[in-house]
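Report on one structure; see the data block that follows.
The values are calculated or read from the model by the stated rules, or taken from the named source; none is laboratory data. Computed from a predicted model, the values in this text were never measured in an experiment. Positions of Cβ are backbone-derived with ideal geometry, glycine not excepted, and every protein chain shown enters the neighbour counts.
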Amino acid sequence: MAVVPIAAAGLIAGCGGGDDDGSSSTELTATKTFLTDHTADLVRHTTTMQEAADEYYDLAESSGFDYEELLAEKCDAVDASLTKAKGAFVEANPNYEQMEGIVAGIPRTAQYDTDLDAGTDGSDPTSAVSFNLTLPDGKVMEQPGNLFFLLETSLYGTNENLVVKGVKPDVNCDGKVEFGEGLPEANALKASADEMARQAKSLEADAQELEISDSDAFTAITVMTKPEFITGCFDAYTRVETEGSGYVYGTTVNDRRTAATHPIRSLKNKELPAPNCKVVYGLDPRKYKDYIFSLIVD
């Protein structure tokens, strides 16, 4: 993950003892700069996506949301707005992935990772997003899943719940439909893009105010990149919480148990238990120090 080399140098001094008081370290300035540079870029890209979604919505509204008529009369404009939205999406998504380790690993910003990129819909309350989408037509999508998922599957036509049914999605007007062409339902696309832009701006504001401590960076890197160094925990978990913090981290750690020892794999219809790991404090310090040093480039 791209975050690791940037934060690594600032963590070397903190790898030995356990005396970190949570204060910010001057060595972590580069980590915050990396984060705020990326949040600013995310705001820029999601604002462009929002503008494109608004343009598409206005086109659909002007045709009375008759999408067949829309494509027949304004296909070039539809293509332009959706191409603009897709272009912004393919910039925004990898930009976020580069900073995800920091966002997901710091308590104040961890919820953004759930809502933007990692969260599920409301069918799984333990990992569901925190928001509902109120569409311009008044309909409400309750905890519909993370925003990158909603936007990608809407723009590229891979989610039947977010695209127009019964209309050939020839959005580039060439007489044929190819993979990746989608005709989004304009209300859902606009609401998703609006929420994405809102959350991106909120994340940027929080990132600007952050004082990243050695403990924040240490936990973020460890949990997101080398969970096998965590000791003193149960065999498997999907949510991680620092002791006494009250914050839940949105990270997933692979479960290496076999069918013989796993209580669920042998009973596939059994309901999954509640998350069972609440403490991240035990590390193999030598392995972790060696790992950090391996990231340093002369």
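General remarks:
Yes/no per residue for (1) surrounded by 21 or more Cβ atoms within 10 Å (Cβ to Cβ); (2) small (Gly, Ala, Ser); (3) at pLDDT below 95:
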| position | (1), (2), (3) |
| --- | --- |
| Tyr156 | no, no, yes |
| Asp170 | no, no, yes |
| Lys176 | no, no, yes |
| Phe179 | no, no, yes |
| Ala193 | yes, yes, no |
| Arg198 | no, no, no |
| Lys201 | no, no, no |
| Phe218 | yes, no, yes |
| Phe234 | no, no, yes |
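- Some residue of the stretch 123-141 being at pLDDT 95 or above, polar (S, T, N, Q), under 21 Å from the mean Cα position of the chain (by Cα) and not in a loop (DSSP other than H, G, I, E, B): yes
- Complete set of residues in the stretch 120-145 that are in contact (Cβ under 8 Å) with a residue 40 or more places away in the chain, farther than 22 Å from Ala53 by Cα and out of contact with any strand residue (DSSP E or B) (no Cβ under 6 Å at 6 or more places or on another chain): Thr126
- Failed criterion for Pro94 (all others in (1) over 22 Å from Asn187 (Cβ atoms); (2) buried (at least 17 other Cβ atoms within 10 Å of the Cβ) hold): (2)
- Residues of the stretch 81-91 classified as within 17 Å of Lys176 (Cα to Cα) and buried (at least 16 other Cβ atoms within 10 Å of the Cβ), total: 1
- So Glu73, is it without any contact (Cβ under 8 Å) to a residue 24 or more places away in the chain, under 17 Å from Glu185 (Cβ atoms), among the charged types (D, E, K, R) and in the same structural domain as Ala197 (by TED's automatic domain parsing): no
- Checked against the criteria, Phe148 does not count as surrounded by fewer than 19 Cβ atoms within 10 Å (Cβ to Cβ), hydrophobic (A, V, I, L, M, F, W, C) and either assigned to a loop (DSSP other than H, G, I, E, B) or touching a residue at least 40 places away in the same chain (Cβ under 8 Å) (or both).
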